[in-house]
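Colleague: Here it is: the structure, laid out below.
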There are 4 protein chains.
Amino acid sequence: MSSNKASIDELMELVIYFRDQRDWQQFHNSKDLALSLSLESSELLENFQWKTSEEAESEKKDEIQDELADVVIYALMLAHELDIDLSDAVTSKLKKNNEKYPVAKSKGNNRKYKEF
Amino acid sequence: MSSNKASIDELMELVIYFRDQRDWQQFHNSKDLALSLSLESSELLENFQWKTSEEAESEKKDEIQDELADVVIYALMLAHELDIDLSDAVTSKLKKNNEKYPVAKSKGNNRKYKEF
Amino acid sequence: MSSNKASIDELMELVIYFRDQRDWQQFHNSKDLALSLSLESSELLENFQWKTSEEAESEKKDEIQDELADVVIYALMLAHELDIDLSDAVTSKLKKNNEKYPVAKSKGNNRKYKEF
Amino acid sequence: MSSNKASIDELMELVIYFRDQRDWQQFHNSKDLALSLSLESSELLENFQWKTSEEAESEKKDEIQDELADVVIYALMLAHELDIDLSDAVTSKLKKNNEKYPVAKSKGNNRKYKEF
């Protein structure tokens, strides 16, 4: 379980086990989970406030890793609550993006990129 | 690749392949990736604006799935940029949360939960 | 200065005086100010996490007031940085919204409202 | 009404008049207003995505002004809903910040500033 070789399923299991040990599923609902995901992503971003990328990376690496983990944990909880298969969701969204930003037109194209 | 059995590594590969086909890594930096992750999580949350969880789930399920995918895609890109192992990050954060919210004290406890 | 009778100009003056006493304008730039405004609005929203409006209002009234003040303080700083007249901006935006949501069609209309 | 000489009270009146013409107060509650304020601040921030401050200011000035106006409109609606006097809230928060960041210690101090 200690590497990126872990599957989404395995991570999901850990997260749901953590939740169920505490009987916290009773407080969960999709709106508050989406709200919490947004709050965690702000706490992640806070590590970059008034800093360059380089400063944040050297001064706040551990905090960034922890906050990114919280984002993923809430993403997993929300996917579980809504019965969304995250792997399917990601591959299907990449296909849509692939059509929206065809390689031929988007390659190294800052303008297209900015409209992503 | 079409199920939660996919590993983080496999999803990462897809995301980075998509990025590299377009030569977009040149525009990436950790601050803008964290900012983008926060923006995507807001777009996800927007589907719940002025709605109950139930209304959002029945009226906006596809949009929610797509926005959640975007959140995960940016989480993967940021992890790649910062060389963070997401599986390690999640398991290590769950361990910290485990100490912060011991099962004995947290079980079904709304107050503790709210302070999560 | 102790009531809503205060003008935007008067509040702006207080905020900029606070900033300049500390020589902080040197760290300001519009991107980090917009980022900070977004972070403060998340801290405001955090008071409603896992709560109904009524619970948040009775348990977190003071925190909500303080965070809302921080949002306004950053809005004033950003307006100052970009030389935006907030009163003009608000009246002009209300005019646009007025055309987008004509009273005849929008009155008590939940659907239109949700698309606001 | 067309300058920063406008008082908070006058802006509030405009915003509430706009709302009441459409009978929209029935949909308002403090949690969704705080959530909407957060969403609008993200839309504001989106104008800075993948850009420097200078690029955003020259390419997106009008959008930034409109989104900043939306932030202020929701701040006014939330203050109205919770019966918060925004001028009082701002002056009282500046006093707290004044104690937290005394001029003598904070002047031109990047470190203190970053912890603001």
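Colleague: Somewhere in region C:38-54, is a residue within 24 Å of residue D:42 (Cα to Cα), out of contact with any Asp or Glu (no Cβ under 9 Å at 6 or more places or on another chain), buried (at least 22 other Cβ atoms within 10 Å of the Cβ) and facing chain D (nearest Cβ under 7 Å)?
Modeller: Yes, there is a match, as at least one residue in region C:38-54 is within 24 Å of residue D:42 (Cα to Cα), out of contact with any Asp or Glu (no Cβ under 9 Å at 6 or more places or on another chain), buried (at least 22 other Cβ atoms within 10 Å of the Cβ) and facing chain D (nearest Cβ under 7 Å).
Colleague: All but one of (1) of a type in the set (A, V, I, L, M); (2) farther than 22 Å from residue B:50 by Cβ; (3) surrounded by fewer than 16 Cβ atoms within 10 Å (Cβ to Cβ); (4) in contact (Cβ under 8 Å) with a residue 24 or more places away in the chain hold for residue D:104; which doesn't?
Modeller: Every condition holds for residue D:104 apart from (4).
Colleague: May I ask you to list the residues in region B:72-91 that are in a helix (DSSP H, G or I), at the interface with chain A (Cβ under 7 Å from one of its Cβ atoms) and within 17 Å of residue A:66 (Cβ to Cβ)?
Modeller: Residues satisfying the conditions are B:75, B:78, B:79, B:86, B:87, B:88, B:89, B:90, B:91.
Colleague: Also, I was wondering about something else. Among the residues of region A:68-81, which ones are in contact with a Ser or Thr (Cβ under 8 Å, 6 or more places away or on another chain) and open to solvent by 10 Å² or more (accessible area, probe 1.4 Å)?
Modeller: A:81
Colleague: Determine, yes or no, whether residue B:25 is surrounded by fewer than 21 Cβ atoms within 10 Å (Cβ to Cβ), more than 7 Å from every other protein chain (Cβ to nearest Cβ) and of a type outside the set (Val, Ile, Thr).
Modeller: So residue B:25 passes the test.
Colleague: What's the number of the only condition in (1) without any contact (Cβ under 8 Å) to a residue 12 or more places away in the chain; (2) more than 17 Å from the chain's Cα centre (by Cα) that residue D:88 fails to meet?
Modeller: Against the list (1) without any contact (Cβ under 8 Å) to a residue 12 or more places away in the chain; (2) more than 17 Å from the chain's Cα centre (by Cα), residue D:88 comes up short only on (2).
Colleague: Find all pairs meeting these conditions: Cβ atoms under 9 angstrom apart; at least six residues apart or on different chains; first residue within region B:13-36 and on the phi > 0 side of the Ramachandran plot; second residue open to solvent by 10 Å² or more (accessible area, probe 1.4 Å).
Modeller: B:23/A:107; B:23/A:108; B:23/A:109
Colleague: Hey, among C:30, C:38, C:53, which residue is small (Gly, Ala, Ser), touching a helix residue (DSSP H, G or I) at 6+ places or on another chain (Cβ under 6 Å) and over 25 Å from residue D:30 (Cα atoms)?
Modeller: Just one listed residue meets the conditions, C:30.
Colleague: Looking at C:101, C:74, can you tell me which residue is out of contact with any strand residue (DSSP E or B) (no Cβ under 9 Å at 6 or more places or on another chain) and outside the structural domain of residue C:15 (by TED's automatic domain parsing)?
Modeller: Exactly one residue qualifies, and that residue is C:101.
Colleague: While we're on this one: Identify all residues within region D:1-15 that are closer than 21 Å to residue C:104 by Cβ and open to solvent by 20 Å² or more (accessible area, probe 1.4 Å); write none if there are none.
Modeller: Matches in region D:1-15: D:14 only.
Colleague: Would you check which residues across region B:1-42 are assigned to a loop (DSSP other than H, G, I, E, B) and over 25 Å from residue A:58 (Cα atoms) and list them?
Modeller: B:1, B:2, B:3, B:4, B:5, B:6, B:22, B:23
The values are calculated or read from the model by the stated rules, or taken from the named source; none is laboratory data. Keep in mind that what you see is a predicted model, and the values were worked out from it rather than measured. No Cβ is skipped: glycine too gets one built from the backbone with ideal geometry, and neighbour counts run over all protein chains shown. Remember, those area values only see protein heavy atoms, side chains included, never the ligands or the DNA or RNA. Shrake-Rupley method; radii C 1.70, N 1.55, O 1.52, S 1.80 Å.
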